[in-house]
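As structure tokens, the structure follows; a few thoughts come after it.
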Amino acid sequence: MPDDLGTLVLADALATLRKYKALAEGALAQVDDDALHRVLDEESNSLAVIIRHVAGNMRSRWTDFLTADGEKPDRDRDTEFVERPQTRAALMAEWEAAWQLTLDAVGALRPDDLGRTVFIRAEAMTAEAALTRALTHYAYHVGQLVYLARHFRSGPWRSLSIPRAVRGA
């Protein structure tokens, strides 16, 4: 990949990650602490579970991204999906640390790194493919966070993008 294209890909990835983070945080700020652990039904994940899962994924994927498998042996993915009491402050500290690790790791990548081979669960792929995979994974979960936060909001929702037009005006 030419350096100028690689530079654009990396800059866009960082900008996209920052937008996802801000979008999720804008939604989470609109719900009370009790809503963080609420579920729609017994098969659904709470906001807290999704936060922990995203953070766990980020820690695993972006720690030693270019040199170690993206699924670290110390990650227990299944426990990320178990509801447990946790304060907003603890959840958000975990979230913030994972995002900082991710942004630092992606920010440290250079255009020539994008063609390097990395592994996730022993599956070989280019670093660019792993980055794309991560972006789509985070978009999926940020969408879930926004949807659930809006559903659980007890009061008017502050739009996170372009507000709906006023009907009947």
Glu123 passes all but one of the listed conditions (1) acidic (Asp, Glu); (2) more than 20 Å from the chain's Cα centre (by Cα); (3) under 14 Å from Leu66 (Cβ atoms); the exception is number (3)
Within the range 21-54, of all residues that are in contact (Cβ under 8 Å) with a residue 40 or more places away in the chain, aliphatic (A, V, I, L, M) and assigned to a loop (DSSP other than H, G, I, E, B), the one nearest to Asp76 (Cα to Cα) is Val39
Exception for Val82 within (1) part of a loop (DSSP other than H, G, I, E, B); (2) at pLDDT 95 or above; (3) β-branched (Val, Ile, Thr) falls at (2)
Regarding Gly70, is this residue surrounded by 14 or more Cβ atoms within 10 Å (Cβ to Cβ) and part of a helix (DSSP H, G or I)?
no
Within the range 106-126, of all residues that are in contact with a Ser or Thr (Cβ under 8 Å, 6 or more places away or on another chain) and crowded, with 17+ Cβ neighbours inside 10 Å, the one farthest from Asp74 (Cα to Cα) is Pro111
Among residues of the range 21-64 being in contact with a Phe, Trp or Tyr (Cβ under 7 Å, 6 or more places away or on another chain) and of a type in the set (D, E, K, R), the residue surrounded by the most Cβ atoms within 10 Å (Cβ to Cβ) is Lys21
From the option list Phe119, Phe152, single residue qualifying as touching a strand residue (DSSP E or B) at 6+ places or on another chain (Cβ under 8 Å), in contact (Cβ under 8 Å) with a residue 12 or more places away in the chain and not hydroxyl-bearing (Ser, Thr, Tyr) is Phe119
Could you check, for the range 113-135, whether at least one of its residues is in a helix (DSSP H, G or I) and either farther than 21 Å from Asp12 by Cβ or among the hydroxyl-bearing types (Ser, Thr, Tyr) (or both)? yes
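The values are calculated or read from the model by the stated rules, or taken from the named source; none is laboratory data. As the structure is a prediction and not an experimental result, all values here were calculated from the model. Cβ: placed from backbone, ideal geometry, glycine included. Neighbour counts: every protein chain shown.
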